[in-house]
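A short write-up of the structure that comes next.
The values are calculated or read from the model by the stated rules, or taken from the named source; none is laboratory data. Nothing here was measured: the structure is a model prediction, and the numbers come from that model. Backbone-built Cβ (ideal geometry, glycine too); neighbour counts: all protein chains shown. Quick note on the areas: whole protein, heavy atoms, side chains included, nothing else; ligands and nucleic acids left out. Shrake-Rupley method; radii C 1.70, N 1.55, O 1.52, S 1.80 Å.
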Amino acid sequence: MCRLFGLHAGTEVVTATFWLLDAPDSLAEQSRKNPDGTGLGVFDERGRPQLHKEPIAAWQDAEFATDAHQLDGTTFIAHIRYATTGSLDVRNTHPFLQDGRIFAHNGMIEGLDVVDERLRELGTSDLVLGQTDSERIFALVTAGIRARNGDVSTGLVDAISWLAANVPVYAINVLLCTGTEMWALRYPQTHQLFMLDRRRDGQPDFDMSTSRIHARSEPLTERSSVIFATEPMDDDPRWRLLDAGELVHVDAALEIQRNLVLPDPPRHLVRRDDLSQPVFRAQHAMPGTRHPR
């Protein structure tokens, strides 16, 4: 399963450090668990989107993911890829950038030829530079947002609703951000997606990690933030699992809106038993564990 992490720190720039993989410890163990790409997206101190990402074909090439990356920004998205579609290529590595928005996805859809035809109809097929279902989903979302005159929430729901009605869906968990806002969607119940609301005063240290993504920030020890992740990253009791079909929007003031926007399952739900062994391994690779402090 791909790993997602989203951080919204409000409108003031903060410094955060990320590690996307632990240092390798057992090549035998890693032979079936090695991720296929790692990436970071951030809106920097000038509000400019920045992507830092690398495909990983072997642990010998994992220096980018094991090194510390210190970034300044307001919103951050980190992604660890386990490939279902698309080669090990930087064009297929998350996050992606379209129309000044950063996007990452966890899950899988089928019927890519149907999606491609829809993108040609909508005029956004040129946004797809790689081979992944994720970038196609993003292009469909971008088309929806354009059709809704920049209304991100409605455009996002329109796009995922179309997918739910027209192609086989296994999972579409999404993180999408601008420099001042972040959206998270979990659909359907296949994969988990959690939110941590750190807007209260007296925050604990901002130092959280799983077996794949580690994030640390001193400024956020004293400031509010909202976090999204595929699994709880520390023992904070405020971690909350998003409902299936729930869309969460966090605005510039860190106000949170939660809405059940997709109450019904996809028309053609792909089940675990329908997956080939390679796809099953990619979708359910290496459950994360929190590191002991």
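I need the full set of residues from the range 109-134 which are open to solvent by 10 Å² or more (accessible area, probe 1.4 Å), assigned to a helix (DSSP H, G or I) and not basic (Lys, Arg), in order please.
The answer is 112, 113, 114, 116, 117, 121, 122, 125, 126, 127.
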Problem set entry | Total residues in the range 151-193, condition within 20 Å of residue 39 (Cβ to Cβ), among the polar types (S, T, N, Q) and either modelled with pLDDT under 95 or not in a loop (DSSP other than H, G, I, E, B) (or both) | 1
Exercise. Listed residues 148, 199; which is in contact with a Gly (Cβ under 7 Å, 6 or more places away or on another chain), more than 23 Å from residue 51 (Cα to Cα), open to solvent by 40 Å² or more (accessible area, probe 1.4 Å) and not acidic (Asp, Glu)?
Worked result: 148
For this session: Test residue 76 against the criterion of being within 23 Å of residue 231 (Cα to Cα), modelled with pLDDT of 85 or more and not acidic (Asp, Glu), and give yes or no.
Result: yes
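It is to be established whether one or more residues within the range 94-116 are polar (S, T, N, Q), at pLDDT below 95 and out of contact with any Leu (no Cβ under 8 Å at 6 or more places or on another chain).
No - not one qualifying residue is present in the range 94-116.
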Problem set entry | the range 203-218, residues that are touching a Lys or Arg at 6+ places or on another chain (Cβ under 9 Å), open to solvent by 10 Å² or more (accessible area, probe 1.4 Å) and not in a loop (DSSP other than H, G, I, E, B) | 207
